[in-house]
Amino acid sequence: MSGGQPKRGTVVRGTISEIHNFGVFVRLEGDPAGSPGTGFIRIPELTWEYFCNPADVVHAGQQVSAEVLDFDATRGQVQLSLKALQEDPLVQFADRVGEVLSGPVVKVVPFGVFVRVAPGIAGLLHESVLTREPAMGEMVTVTIAEVDRPRRQVRLELAPTR
């Protein structure tokens, strides 16, 4: 990283140095430990997968490659993304409207529940279509009602019972 600021879209390598609930710090290759030029990955930029704890995704000492999103000259910090180097699972999922799938409830919110229907994809089962509120981890069979790629949202309905 020495010799100038990194350009947006560049892929850099480094080692995970610290993991916090607000993000992950990366010591970039070419920078001595403790010097400016630290990389930072915000929680939403770690992975497409749903997770509760960033330590479930990365660990201290892990070597990573990440894409540069921005450079903060004031902090000497490079904003990074691991997710940018991963294929977006929603792209191939978009043509699955009407399909019936089963998945676990991964989040309960006041307006419904989110169900993981594929790796990296959780859809909303709105309270208006629920006859009862399923518990966290409970398997639910749903129909993919809509995939809104620009808004990155998947709307689910309860699958008809046989």
message = Kindly evaluate Thr47 against the criterion of being in a loop (DSSP other than H, G, I, E, B), more than 18 Å from the chain's Cα centre (by Cα) and of a type in the set (S, T, N, Q).
response = no
Matching residues in the range 68-113 - criterion: being over 26 Å from Phe40 (Cα atoms) and of a type in the set (D, E, K, R) = Asp95, Arg96, Glu99, Lys107
request  = Among the residues of the range 58-100, count how many are assigned to a loop (DSSP other than H, G, I, E, B), open to solvent by 50 Å² or more (accessible area, probe 1.4 Å) and of a type in the set (A, V, I, L, M).
outcome  = 3
task = Please determine, by comparing only the residues of the range 114-151 that are of a type in the set (S, T, N, Q) and in contact (Cβ under 8 Å) with a residue 24 or more places away in the chain, which one is least open to solvent (accessible area, probe 1.4 Å).
result = Thr143
request  = Only residues that are among the aromatic types (Phe, Trp, Tyr) and more than 27 Å from Gln86 (Cβ to Cβ): list them for the range 96-136, please.
outcome  = Phe111
ask   = Is there a residue in the range 19-40 that is assigned to a loop (DSSP other than H, G, I, E, B), closer than 30 Å to Ala159 by Cβ and either at pLDDT below 90 or open to solvent by less than 40 Å² (accessible area, probe 1.4 Å) (or both)?
value = no
ask   = Would you pick out the residues in the range 126-162 that are within 20 Å of Pro110 (Cβ to Cβ) and of a type in the set (D, E, K, R)?
value = Glu127, Arg132, Glu133, Glu138, Arg151, Arg155, Glu157
inquiry  = Every residue in the range 152-162 that is open to solvent by less than 80 Å² (accessible area, probe 1.4 Å) and assigned to a loop (DSSP other than H, G, I, E, B), please.
reply    = Ala159
ask   = touching a residue at least 24 places away in the same chain (Cβ under 8 Å), open to solvent by 40 Å² or more (accessible area, probe 1.4 Å) and of a type in the set (D, E, K, R): does that describe Glu49?
value = yes
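The values are calculated or read from the model by the stated rules, or taken from the named source; none is laboratory data. Predicted model only: the values in this text are computed from it and were never measured. Every residue, glycine as well, gets a Cβ built from its backbone with ideal geometry; the counts of neighbours run over all protein chains shown. Each accessible area value is taken on the protein alone, full model and side chains, heavy atoms only, with ligands, DNA and RNA left out. Shrake-Rupley method; radii C 1.70, N 1.55, O 1.52, S 1.80 Å.
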